[in-house]
Each structure stands twice: as C-alpha cells, then as structure tokens.
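Undergrad: Attaching a single structure in structure tokens format; questions to follow.
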C-alpha cells in the first residue's frame, strides 16, 4: 500500500494544509465536501504538492517536517519558485489591512 503526504491550498485565502493519507483522491474530496472540520471554512481546496511513500511512518515523519519552519520554507520554494508571487500565511491582503486598521483605533 502506498501512502501520501499532501499539501492543499485554499483558493479562498491561499492558506496551506498539510496531511497524509493512503487515499489521496478520496481525501481531497473529503476536504472539499466539508467532512474535515479544520479545513471546512476555507473551501475549496486544490492539491498543489504531494509525495509518495511505502510506509505510513515515513509519510507521517514527512508531514511533521512540512509543519516545521524549514519544512514550510522547503514547500514555499517547491510550490512558489523564486520570482513567483509569495504565499501570505496570514491570509489575503484585505484581511491584513483589517488587522492594521483595528490596531490604529
């Protein structure tokens, strides 16, 4: 059985979600149908990156790495090569502006 580490991007606000599964296509459908509470509010999702492993343990370790600072940097370079528009982890610019405005009050 093959296991996958995958990265989804929300088309709503550009955030990334990292996970692992042995059913990649079905898992993407679950995320987009709202069955996963942590991703439900940011639908729709698109698969932007994945890797295949022979064991679940390897997939879990890789997923943990992707959630570290160096793993996020690795993904940024893979998904958004140099010269591309940078990924904004805090959300779209209009959300960031709203935060600035609130602190000015």
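Just so you know, all these numbers are worked out from the coordinates, no wet-lab data involved. Remember, it's a predicted structure, so these values are computed and weren't measured experimentally. All Cβ positions, glycine included, derive from the backbone under ideal geometry; neighbour counts span all protein chains shown.
Undergrad: Say R0 is 22 Å: what FRET efficiency, to the nearest 0.05, do residue 47 and residue 77 get from their beta-carbon distance?
TA: For R0 = 22 Å, the calculated efficiency reads 0.75.
Undergrad: What do you get when you divide the Cα radius of gyration of segment 1-78 by 2.2 N^0.38 Å, with N the number of residues?
TA: Details: Rg = 12.1 Å, N = 78, 2.2 N^0.38 = 11.5 Å.
Taking the Cα Rg and dividing by 2.2 N^0.38 Å, one obtains 1.05.
Undergrad: Once you put a point 7 Å from the Cα of residue 68 and another 7 Å from the Cα of residue 38, both along the Cβ direction, what distance in nm separates them?
TA: 1.8 nm
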